[in-house]
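The block underneath contains the structure these notes are about, expressed in structure tokens.
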Amino acid sequence: MADVVKKMEEAPGILGKDDKSHSLLKKYLTPDVVNKLKNTKTKMGASLWDCIQSGVINTDSGVGIYAPDAESYTTFSEIFYPIINDYHIGFDIKGGAKHPPMDLGLDKINFPNPDPEGKYIISTRVRCGRSLQGYPFNPLLTEQQYKDMEGKVKDALNGLPGELAGTYYPLTGMSKDTQKQLIDDHFLFKEGDRFLEAANANRFWPTGRGIYHNKDKTFLVWVNEEDHLRIISMQKGGDLMAVYKRLIQGVNEIEKKLPFSRDERLGYLTFCPTNLGTTIRASVHIKLPKISKNLDEFHKIAAKYNLQVRGTSGEHSESIGGVYDVSNKRRMGLTEFDAVKEMYEGIVELIKLEEKS
Ligand code: ADP
Ligand code: IOM
């Protein structure tokens, strides 16, 4: 433990020395916070170091902190709450705010295709994360728990109706070629992510990890990557209504079979604080050559609409051929429907701007 305390004490200095680091961890991890929390542990044994190690090792993290168990969010609230407030603009967990109840808004959906001629939008995707009740997050899971969870999820997915019907493919035994193709086609999570590795989240890999998808790969479920489940709906083009309706159907069906962890104030629980609340990330793969020419400016324009810009292969990747992944940034303090609407309305504005430029 003395070793770990020393690492924690050194962390603010390490982060502070890297002037290229823009992580939220760097912004809020002060020596004061470390001194307050360095000897604390959750009931399951998670320390502050377990939460921050990924961001300390990877100073280029966007956020840099993960919760090994649900209790970490409150036990280490001096570091988690300011980061949550900063990331989920407008939501004040520090001030006592509660994330609103789930509202998928099926009866309100009206998102006509913002690019009916297919000039800009290549594909549309909406995902959400879910954690199984009774299990901690990655760093505290045993090998047996990974296997048990995989079994439970596989059983629940088996027998999904209609368009959602598909097959579960475990990573164990999957050929490297198949895995690479699924990653290159944007269907599967990557392997060996250094941010998750440093968070102690890749233990026993590939045990318990896998992907479920329907025949057309428009409905997918990732099992035991960053979160226990990532439920995904995606397709080519800009028909967000079809994509979101399919996601709602999938979430509702899976929720009938599996109990998920939800907190009164934090909403649906996830490993990373950026995903709490609705857990919704609605995105388009889009080409906007004029307004994305100056990347810093593009990020600023997107931020005006509460949008986040990622590279073509997702988080921590670069754009290939001018294709960007643009999504809603915040997931807490608003409903599921409003998170998707925020992305939709922002994209409509970005396309208008591109056409005017
Ligand atoms: P997540 O979305 O689950 O937070 P990533 O940012 O790593 O994680 O993205 C996961 C994968 O989803 C990547 O391969 C990324 O390219 C792909 N992706 C995201 N949005 C879209 C989209 N609109 N169309 C196609 N692929 C997408
Ligand atoms: N969700 C997580 N992968 N991410 C925010 C990592 C980071 O801090 O960059």
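The values are calculated or read from the model by the stated rules, or taken from the named source; none is laboratory data. No experiment lies behind these values; they were computed from the predicted model shown. Because the Cβ atoms are built from the backbone with ideal geometry, glycine has one as well, and the counts that use them run over all protein chains shown. Side chains included, ligands, DNA and RNA excluded: accessible areas come from the protein's heavy atoms. Shrake-Rupley method; radii C 1.70, N 1.55, O 1.52, S 1.80 Å.
The table for this structure:
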quantity: Additional length obtainable on full extension of the chain from D263 to D92, 0.36 nm per residue less Cα span; calculated: 60.0 nm
quantity: Peptides 153-160, 243-250 ordered by average Cβ neighbours within 10 Å, highest first; calculated: 243-250, 153-160
quantity: Accessible area expressed per residue, the chain, with surrounding protein chains retained (probe 1.4 Å, Å²); calculated: 43 Å²
quantity: Whole-Hz couplings from phi, Karplus 6.51/-1.76/1.60, listed for the stretch 132-140; x for Gly and Pro; calculated: 7, 4, x, 10, x, 8, 2, x, 10
quantity: Extended-chain gain in nm, criterion 0.36 nm per residue less alpha-carbon gap, K108 and T312; calculated: 70.4 nm
quantity: Paramagnetic reach from E117 in the stretch 270-301 [backbone N under 16 Å; point 7 Å along Cα→Cβ]; calculated: 287-290
quantity: Rounded Å value of the spacing that divides the Cα centres of the stretch 343-357 and the stretch 175-246; calculated: 28 Å
quantity: The stretch 2-87: radius of gyration and largest Cα-Cα distance (Dmax), Å; calculated: 11.6, 36
quantity: Members of K98/K304; K20/K98; K36/K257; K43/K180; K236/K304 lying beyond 30 Å, as alpha-carbon distances in this model show; calculated: K20/K98; K36/K257; K43/K180
quantity: When the chain is reduced to its Cα atoms, the Kirkwood hydrodynamic radius in Å; calculated: 20.9 Å
quantity: Built amide H within the under 5 Å cut-off of K41, gap 5+; calculated: none
quantity: Accessible carbon and sulfur surface of the chain relative to its total accessible area, %, 1.4 Å; calculated: 50 percent
quantity: Two-decimal log10 I(q)/I(0) for the stretch 243-321, as the Debye equation yields it once each C-alpha is a single scatterer, q = 0.11, 0.16, 0.19, 0.24 Å⁻¹; calculated: -0.44, -0.82, -0.99, -1.20
quantity: Cα pair distances in the stretch 19-153, grouped into 10 Å bins until the bin that holds the longest one, percent each; calculated: 9, 29, 30, 22, 9, 1
quantity: FRET efficiency estimate (nearest 0.05) - Cβ-Cβ, D60 to N158, R0 51 angstrom; calculated: 0.80
